[in-house]
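The values are calculated or read from the model by the stated rules, or taken from the named source; none is laboratory data. All of these numbers come straight from a predicted model, not from anything done at the bench. Because the Cβ atoms are built from the backbone with ideal geometry, glycine has one as well, and the counts that use them run over all protein chains shown. Heads up: the accessible areas ignore ligands, DNA and RNA and are worked out on the full protein's heavy atoms, side chains in. Shrake-Rupley method; radii C 1.70, N 1.55, O 1.52, S 1.80 Å.
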Amino acid sequence: MARNCIVVNLDRCTGCFGCEVACKMENGVALGERWSKVFTVGPVGEYPDMTRYALPTMCQQCENAPCVSVCPTGASYRDGNDVVLVDKEKCIGCKYCMMACPYGVRSWNAAEKCTLCGHLTSQNKLPACVKSCAAGARFYGDLDDPDSDASKELAKYSESDIHTLQDVGNHPATRYIMTSMIGQWQDRIAPADHPHTAAYPVAE
């Protein structure tokens, strides 16, 4: 089964929020909601050894997706391409999926989320956020296909430069590339007061 996901090269990402805008426009995401979110990590450390970088987040297409396993109606499910999606007709609004997601990427509008733009990729087109990335920092493809754009970009870097959001047994598929040129990858940091300055939620 394919492991389709998005790879984000943080060495290139400028934190312009273009991916957020492209996602909202392509998918008609409701006002006040975001399927794609760009946070700012840091600054952390002490001068002059400090790290600060943009961290775009979206559905991580987890191998063991907790949002799927907790859904009582099967509204959160995997399609034939193994992509985690939401069936609005089955959603009862219990919000269990939102509580189960370790990264806070589920939105409340019939519990919608990033779909990897399946309506585009099914036509061999790129997801809107990938196509619209002005810095060329986003890549889409199957991690198990060495000829995919995602795999080719990952192949340029050592394992020490490739990261995921903290794995709590869910095995996120999304990969982030960040070298020492940018700073030290922060595996998990506490959220700050401002909505754009938290890496992702920290469970109590």
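Using alpha carbons only, how many angstrom separate the centre of the range 132-176 from the centre of the range 5-54?
15
State the answer as a single residue: which of Gly136, Pro172, Gly93 lies farthest towards the positive end of the charge dipole of the chain, with beta carbon charges of +1 for Lys and Arg and -1 for Asp and Glu, about the Cα centre.
Gly93
What's the carbon and sulfur percent of the chain's accessible surface, probe 1.4 angstrom, rounded to a whole number?
Working: 5310 of 10360 Å².
Carbon plus sulfur share of accessible area: 51 percent.
Mind checking the dipole of the chain: about its Cα centre, +1 per Lys or Arg Cβ, -1 per Asp or Glu Cβ, Debye to the nearest 20? Each step should come with its number before you reach the end.
Numbers: 19 positive and 24 negative charges, 111 e Å.
It works out to roughly 540 debye.
Residue by residue, what Karplus-based ³J(HN,Hα) values in Hz, rounded to whole numbers, does the range 73-86 have, using 6.51, -1.76 and 1.60 with θ = phi - 60° and x for Gly and Pro?
Karplus-based 3J(HN,Hα) across the range 73-86 equals 10, x, 5, 8, 8, 9, 8, x, 9, 6, 8, 6, 10, 10 Hz.
Once Rh is set to the Kirkwood radius over Cα pairs, what Stokes-Einstein translational diffusion coefficient, in µm²/s, holds for the range 96-181 at a temperature of 25 °C and a viscosity of 0.890 mPa s?
Details: Rh = 14.8 Å.
Estimated via Stokes-Einstein, D reaches 165 µm²/s.
What's the Cα-based Rg to Rh of the chain, Rh via Kirkwood?
So for the chain, dividing Rg by the Kirkwood Rh gives 0.94.
Hey, can you find the accessible area per residue of the chain for me, probe 1.4 Å, expressed in square angstrom? Walk me through the numbers on the way to the answer.
Details: 10360 Å² over 204 residues.
Here the residues of the chain average 51 Å² of exposed surface.
Where does helix 18-27 land angle-wise versus the long Cα axis of the chain, in degrees 0 to 90, nearest 10?
Result, in degrees: 10.
Work out from phi, with θ = phi - 60° and the Karplus expression 6.51 cos²θ - 1.76 cosθ + 1.60, the ³J(HN,Hα) of each residue of the range 118-125, listed in order in whole Hz, and give x for Gly and Pro.
Listing the rounded values in order: x, 5, 9, 5, 5, 10, 6, 9 Hz.
Summing -39500 (n - 2.57) over the DSSP H runs of n ≥ 4 in the chain and dividing by its residue number, what mean residue ellipticity at 222 nm do you reach, to the nearest 500 deg cm²/dmol? Show your work: numbers first, answer last.
Working: 6 runs with 35 residues, N = 204.
Per the formula, -4000 deg cm²/dmol.
Out of residues 5 or more away from Asn4 or on other chains, whose amide H comes under 5 Å of its own, with H placed 1.01 Å from N in the peptide plane?
Leu143
Consider just the alpha-carbon atoms of the range 49-165 and return their Rg together with their Dmax, both in angstrom.
Rg, Dmax (Cα atoms, Å): 15.8, 51.
Quick one: which residues, 5 or more positions from Phe39 or on another chain, have an amide H under 5 Å from its amide H? H modelled 1.01 Å from N in the peptide plane, none for Pro or chain starts.
Leu55, Thr57
Can you run phi through the Karplus equation (6.51, -1.76, 1.60; θ = phi - 60°) for the range 2-17 and list ³J(HN,Hα) in whole Hz, with x for Gly and Pro?
5, 10, 6, 7, 10, 9, 10, 8, 6, 5, 9, 4, 9, x, 7, 6
Largest first and in whole Å, give the semi-axes of the range 1-65's equivalent ellipsoid, each being the square root of 5 times a Cα gyration tensor eigenvalue. All intermediate terms of the calculation are to be shown ahead of the outcome.
Details: eigenvalues 129, 61, 23 Å².
Over the Cα atoms of the range 1-65, the ellipsoid semi-axes are 25, 17, 11 Å.
Give the list, by residue number, of cysteines in the chain with no other Cys Cβ closer than 4.7 Å, or say none.
Cys5, Cys13, Cys16, Cys23, Cys62, Cys71, Cys91, Cys94, Cys101, Cys117, Cys133
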